[in-house]
Amino acid sequence: QVQLQESGPGLVKPSQMLSLACTVSGGAITTNGYAWGWIRQAPGKGLEWMGAIKYDGTTDVTPLFKSRASIFWDTSKNQFSLHLSSVTPEDTAVYYCARVIPYGLDAWGQGTQVTVSS
């Protein structure tokens, strides 16, 4: 019965930093065996994996975003975050957080719309 919820700005200006948080309830993000990931979907496009933070605090960002994306966590708040620098209008998308199990994703947040525009 784990639940996830994204939060952050709905509008970001080009060249600025996008920061999103995912708050987890019903289970600790430090629980063995899980990772916590970020996925996005741009208008008319498919789901795009961005990266994740593992239960031990190690991170893995996909090469497409490695130069400008970071993932952190705050275990005292049971949340993890995504930070994407130098955003452009092409970063406009619905951003999701999700729990990762060994062979798939078993829980998702509802998603949050982020628009990059001046």
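The values are calculated or read from the model by the stated rules, or taken from the named source; none is laboratory data. Nothing here was measured: the structure is a model prediction, and the numbers come from that model. Positions of Cβ are generated from backbone atoms using ideal geometry, with glycine treated the same way; all protein chains shown enter the neighbour counts. For accessibility, only protein heavy atoms count, side chains too; no ligands or nucleic acids. Shrake-Rupley method; radii C 1.70, N 1.55, O 1.52, S 1.80 Å.
Taken over the range 109-118, the residue count meeting the criterion of being outside any loop (DSSP other than H, G, I, E, B) and either in contact with a Gly (Cβ under 6 Å, 6 or more places away or on another chain) or open to solvent by 20 Å² or more (accessible area, probe 1.4 Å) (or both) is 3. Scanning the range 63-108 for residues that are assigned to a loop (DSSP other than H, G, I, E, B), open to solvent by 10 Å² or more (accessible area, probe 1.4 Å) and not polar (S, T, N, Q) yields PRO63, LEU64, LYS66, ARG68, LYS77, PRO102, TYR103. Of the candidates SER85, SER70, the single residue that is of a type in the set (S, T, N, Q) and in contact (Cβ under 8 Å) with a residue 60 or more places away in the chain is SER85. Please verify whether the range 1-8 includes one or more residues that are out of contact with any strand residue (DSSP E or B) (no Cβ under 6 Å at 6 or more places or on another chain) and either part of a loop (DSSP other than H, G, I, E, B) or surrounded by 14 or more Cβ atoms within 10 Å (Cβ to Cβ) (or both). Among the residues of the range 1-8, at least one is out of contact with any strand residue (DSSP E or B) (no Cβ under 6 Å at 6 or more places or on another chain) and either part of a loop (DSSP other than H, G, I, E, B) or surrounded by 14 or more Cβ atoms within 10 Å (Cβ to Cβ) (or both), which makes the answer yes.
A single entry from THR31, THR23 fulfils the requirement of being of a type outside the set (Gly, Ala, Ser) and over 16 Å from the mean Cα position of the chain (by Cα): THR31.
Once the range 44-56 is narrowed to residues that are open to solvent by less than 30 Å² (accessible area, probe 1.4 Å) and of a type in the set (Gly, Ala, Ser), the residue that is nearest to ASN32 (Cα to Cα) is ALA52.
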